[in-house]
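Got a structure for you, written out below as structure tokens; questions coming shortly.
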Amino acid sequence: MQNRIDISKVEPEAYKVMMAFEKYVHGTKLTPIQRELIKIRTSQINGCAYCLDMHTKDARKLGETEQRIYTLSAWRETPFFTAEERAILALVEEVTEISKGHVKDETYTAAAKVLDDQTIAQVIMATIVINSWNRIGIATNMQPA
């Protein structure tokens, strides 16, 4: 498989907008680990190998454990994630797979019990950003190094 177009070169203005959106996410109160969990779980769902490679490496650099990275796709079946992380991951999955049934009231209500409104908004926006990056990576056939 070979890469297709390079969006940053073909449409630099669009790429700048994506980078500004990414910068916004980095300025939120989400922790670096929370941001990486969002990116990894979304990329697992979407099947973006490039983003999975990048964000699992980034998570490891931040001190994330192999055990949590390996079991992230089965987070509901493990004791390894906090209540806040579970609420975040449930939102991430439903926002990413929004065409399968939207964000359920029970998911939102459960998140609101452990996350404030600002954090919920930031999780939603962070999920939108990585979904966009996944679509760019998959559409342009980006490959891990």
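Here are 17, 10: which of them is under 18 Å from residue 138 (Cα atoms), among the β-branched types (Val, Ile, Thr), open to solvent by 50 Å² or more (accessible area, probe 1.4 Å) and without any contact (Cβ under 8 Å) to a residue 60 or more places away in the chain?
10
Please indicate, with yes or no, whether at least one residue in the range 53-70 is among the hydroxyl-bearing types (Ser, Thr, Tyr), surrounded by 14 or more Cβ atoms within 10 Å (Cβ to Cβ) and either modelled with pLDDT of 95 or more or over 17 Å from residue 31 (Cβ atoms) (or both).
Taking every residue of the range 53-70 in turn, at least one turns out to be among the hydroxyl-bearing types (Ser, Thr, Tyr), surrounded by 14 or more Cβ atoms within 10 Å (Cβ to Cβ) and either modelled with pLDDT of 95 or more or over 17 Å from residue 31 (Cβ atoms) (or both).
Conditions first: (1) assigned to a helix (DSSP H, G or I); (2) closer than 22 Å to residue 15 by Cβ. Residue 141 passes all but one, so which condition is the exception?
So residue 141 meets the others, but not (1).
Here is a follow-up. Can you tell me which residue within the range 110-132, out of those that are more than 17 Å from residue 98 (Cβ to Cβ) and assigned to a helix (DSSP H, G or I), is most open to solvent (accessible area, probe 1.4 Å)?
113
Follow-up. Which count do you get for residues in the range 86-109 that are assigned to a helix (DSSP H, G or I) and open to solvent by less than 50 Å² (accessible area, probe 1.4 Å)?
Residues flagged as assigned to a helix (DSSP H, G or I) and open to solvent by less than 50 Å² (accessible area, probe 1.4 Å) within the range 86-109 amount to 11.
Right, here's the next one. Return yes or no: is residue 28 in a loop (DSSP other than H, G, I, E, B) and of a type in the set (S, T, N, Q)?
Criteria met by residue 28.
Could you please find all residues in the range 71-85 being surrounded by fewer than 18 Cβ atoms within 10 Å (Cβ to Cβ) and under 17 Å from residue 125 (Cα atoms)?
84
The values are calculated or read from the model by the stated rules, or taken from the named source; none is laboratory data. All values derive from a computational prediction rather than experimental measurement. Cβ coordinates were reconstructed from backbone atoms using ideal geometry, including for glycine residues, and neighbour counts include every protein chain displayed. Protein only, heavy atoms only, side chains kept; ligands, DNA and RNA dropped before computing areas. Shrake-Rupley method; radii C 1.70, N 1.55, O 1.52, S 1.80 Å.
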